[in-house]
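Each remark here refers to the structure printed beneath this line.
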Amino acid sequence: MLIPRFTYSKFIRYVPRYECIKIECPRYIRNGGIWDILGFYEPKTEMVIVCEDRIVKHGRRLANQLKVDELKTTLVLRELVRLHEHSHAYLHTAQIAEHVKAACLRVINMEELNKDTWLFDLKPQVLEPLTELFAYITLKNTHILNKEEKNFVMRIFEEVDKQTPNYYQKWRDIINLIPLDSEFSIIALLYIARRKVWNSWDEFYNFISSNFNNVIKKLRKAYTLMKITLDKI
Ligand SMILES: [Zn+2]
């Protein structure tokens with residue numbers, strides 16, 4: 001439902017990774033926030049795992065707590081878990097249109113990064129809020145839901161987000177600093193994130209707060225120039 005937002009856009013060329021639905025997940029508890037207990041992303045195989053039994057149990061708990069419909073809650077929760085895990089996959093694979101990539105390289109002096117190394121070296125304290133931010137931007141910009149549906153989905157998202165450790169929720173620091181309705185924001189965020197292995201969320205946040213507007217301005221200019229050049233060919 002929500003994943004195609006990543007797939008079909010002018011700039012973003014995300015090919016959704018394979019999903020594996022586990023009807024019965026092992027009993028061990030994974031470290032991390034609730035999103036990554038109800039599902040997880042395996043970078044080595046680039047596969048999204050959805051833990052069906054855990055989602056059903058958590059959906060029931062959530063519906064009781066919020067006094068809302070259980071089936072609807074569980075279906076939305078499942079979509080949100082998929083969205084979180086595909087956001088991990090998107091950060092990992094960083095698939096964008098070639099002409100946008102070329103424009104980005106003019107703007108950001110990005111070192112050639114080994115995508116596996118980058119993801120494996122990044123601390124969860126940076127990776128998780130970044131993943132949540134991508135999921136949130138996708139939700140904010142989706143056009144497939146009407147107002148009432150969107151409010152419900154957002155309510156479930158906010159509620160589950162509150163159940164995560166504090167560091168997952170740090171994405172909220174950034175939402176007022178960047179335009180959330182622009183695809184340039186997603187591209188700029190992606191490239192800033194992948195510039196280096198950030199040591200801490202504060203380091204990443206400080207870079208965004210002092211450089212984001214500048215980066216996005218340069219990115220728009222480079223993209224316009226690139227487009228004019230391509231149009232002439
Ligand atoms: Zn996660």
Any chance you could count how many residues in segment 35-66 are over 16 Å from F120 (Cβ atoms) and in a helix (DSSP H, G or I)?
18
Out of (1) touching a Phe, Trp or Tyr at 6+ places or on another chain (Cβ under 7 Å); (2) more than 15 Å from I208 (Cβ to Cβ); (3) within 16 Å of the ligand (Cβ to nearest atom), the one W171 does not meet is (2)
Kindly check whether there is at least one residue in segment 72-83 that is without any contact (Cβ under 8 Å) to a residue 24 or more places away in the chain, assigned to a helix (DSSP H, G or I), of a type in the set (V, I, T) and within 30 Å of I186 (Cα to Cα).
yes
Kindly state which helices (runs of 4 or more DSSP H) lie completely within segment 122-233 and contain at least 3 residues that are exposed (fewer than 14 other Cβ atoms within 10 Å of the Cβ).
147-162, 201-232
Test for K57: is it under 21 Å from E19 (Cα atoms), more than 16 Å from the ligand (Cβ to nearest atom) and basic (K, R):
yes
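Bear in mind that the values in this text are calculations on the coordinates, not laboratory data. Quick caveat: nothing in here was measured; it's all calculated off a predicted structure. Methodologically, a virtual Cβ is constructed for each residue, glycine included, from the backbone with ideal geometry; neighbour enumeration extends over all protein chains shown.
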